[in-house]
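Novice: Below is a structure I'd like to ask you about.
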Amino acid sequence: YFMAKALTHFNEEGRARMVDVGEKNSTQRIAIATGQVYLQPSTMRLIKDGDIKKGDVLAVAQVAGIMGAKKTPDIIPMCHPLLLTNVDIAFDDNSEPDPETGLCCIEIKATVKVTGQTGVEMEALTAVSIAALTIYDMCKAVDREMFFKNIGLVQKSGGKSGTFTRKQVGT
């Protein structure tokens, strides 16, 4: 019983299916996801100074994250196409290297909203992931050791299941 309730994307035969949301109430739904890109201090300086040859890294990553949210049902098979009402991508760049690792970090935050019958958690997570991948793509010529951490849902609201807030951010 628990598995059948927890895993809604499987039919009675155990095969994948798209969940029927037709009977669900249309409500405002919001999801916030975050993630970090870790990079060398020299790479962070190039980004801040606008000296990455491919262009303005954070501006391109912001647009890519928005596009990623809008394209989520095209790349995640069981996601419903949604008419998103808002996608906001924000960056918090910590230029001070971590004393332990010597690395800098760009925190990515995606907030996605819709008024509809299903949530936008996957759209927020996709937005963060695509923004991180775009930062990597634009900077890989100078820093192939960049990596991502802590990509996850921070908060969601709306719908039958109500509000969720992640207990521990960054772990």
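Novice: If you check every pair at least six apart or on different chains, which have Cβ atoms under 6 Å apart with a residue in the stretch 82-94 that is under 19 Å from Thr72 (Cβ atoms) first and a residue that is open to solvent by less than 50 Å² (accessible area, probe 1.4 Å) and part of a strand (DSSP E or B) second?
Specialist: Leu82/Val114; Leu82/Gly116; Leu84/Val114; Thr85/Val114; Val87/Val112; Asp88/Thr111; Ile89/Ala110
Novice: Would you mind finding the one in Val87, Val37 that is modelled with pLDDT of 95 or more, outside any helix (DSSP H, G or I), hydrophobic (A, V, I, L, M, F, W, C) and under 26 Å from Ser161 (Cβ atoms)? Lay out the reasoning, then the answer.
Specialist: Details: Val37 fails: under 26 Å from Ser161 (Cβ atoms).
On inspection, the qualifying residue turns out to be Val87.
Novice: Look at the stretch 37-69 and say how many of its residues are open to solvent by 50 Å² or more (accessible area, probe 1.4 Å), closer than 28 Å to Val120 by Cβ and free of Cβ contacts under 8 Å to residues at least 40 places away in the same chain.
Specialist: So the answer is 2.
Novice: For the stretch 89-98, check the following and say yes or no: at least one residue is over 22 Å from Val19 (Cα atoms) and among the β-branched types (Val, Ile, Thr).
Specialist: The initial filter retains those residues of the stretch 89-98 that are over 22 Å from Val19 (Cα atoms), namely 89-98.
Those left that are additionally among the β-branched types (Val, Ile, Thr): 89.
Checking the stretch 89-98: at least one residue is over 22 Å from Val19 (Cα atoms) and among the β-branched types (Val, Ile, Thr).
Novice: Of these, Asn150, Asn86, which one is within 16 Å of the chain's Cα centre (by Cα), of a type outside the set (A, V, I, L, M) and surrounded by fewer than 13 Cβ atoms within 10 Å (Cβ to Cβ)?
Specialist: Working: Asn150 fails: surrounded by fewer than 13 Cβ atoms within 10 Å (Cβ to Cβ).
Residue meeting the stated conditions: Asn86.
Novice: Right, something else. For the stretch 153-171, which residues satisfy the criterion of being in a loop (DSSP other than H, G, I, E, B), of a type outside the set (Ser, Thr, Tyr) and open to solvent by 60 Å² or more (accessible area, probe 1.4 Å)?
Specialist: Of the stretch 153-171, the ones in a loop (DSSP other than H, G, I, E, B) are 158-163, 166-171.
With the extra rule that they be of a type outside the set (Ser, Thr, Tyr), the set shrinks to 158-160, 162, 166-170.
Hits for the stretch 153-171 are Lys160, Lys167, Gln168, Val169.
Novice: Take Asp137 and decide whether it is surrounded by fewer than 20 Cβ atoms within 10 Å (Cβ to Cβ) and not in a loop (DSSP other than H, G, I, E, B).
Specialist: Numbers: surrounded by fewer than 20 Cβ atoms within 10 Å (Cβ to Cβ): yes; not in a loop (DSSP other than H, G, I, E, B): yes.
Taking the combined requirement at face value, the residue satisfies it.
Novice: Would you check if Glu100 is among the charged types (D, E, K, R) and surrounded by 17 or more Cβ atoms within 10 Å (Cβ to Cβ)? If you could, list the steps in order and put the result at the bottom.
Specialist: On the way: among the charged types (D, E, K, R): yes; surrounded by 17 or more Cβ atoms within 10 Å (Cβ to Cβ): no.
No: the conditions fail for Glu100.
Novice: For Ile108, indicate whether it is within 10 Å of the chain's Cα centre (by Cα) and open to solvent by 40 Å² or more (accessible area, probe 1.4 Å).
Specialist: Details: within 10 Å of the chain's Cα centre (by Cα): yes; open to solvent by 40 Å² or more (accessible area, probe 1.4 Å): no.
Criteria not met by Ile108.
Novice: Consider Gly170 carefully, then state whether it is at pLDDT below 95, small (Gly, Ala, Ser) and over 16 Å from the mean Cα position of the chain (by Cα).
Specialist: Numbers: at pLDDT below 95: yes; small (Gly, Ala, Ser): yes; over 16 Å from the mean Cα position of the chain (by Cα): no.
Answer is no for this residue.
Novice: Is there any pair linking a residue in the stretch 153-167 that is farther than 11 Å from Gly119 by Cα to one that is surrounded by fewer than 17 Cβ atoms within 10 Å (Cβ to Cβ), with Cβ under 6 Å and at least six apart or on different chains, and which?
Specialist: Every condition considered, the pairs that remain are Val154/Arg166; Gln155/Thr165.
The values are calculated or read from the model by the stated rules, or taken from the named source; none is laboratory data. Computed from a predicted model, the values in this text were never measured in an experiment. When we count neighbours, we look across all protein chains shown, and the Cβ atoms used for this are built from the backbone with ideal geometry, even at glycine. Surface accessibility is based on the protein's heavy atoms, side chains included, excluding ligands, DNA and RNA. Shrake-Rupley method; radii C 1.70, N 1.55, O 1.52, S 1.80 Å.
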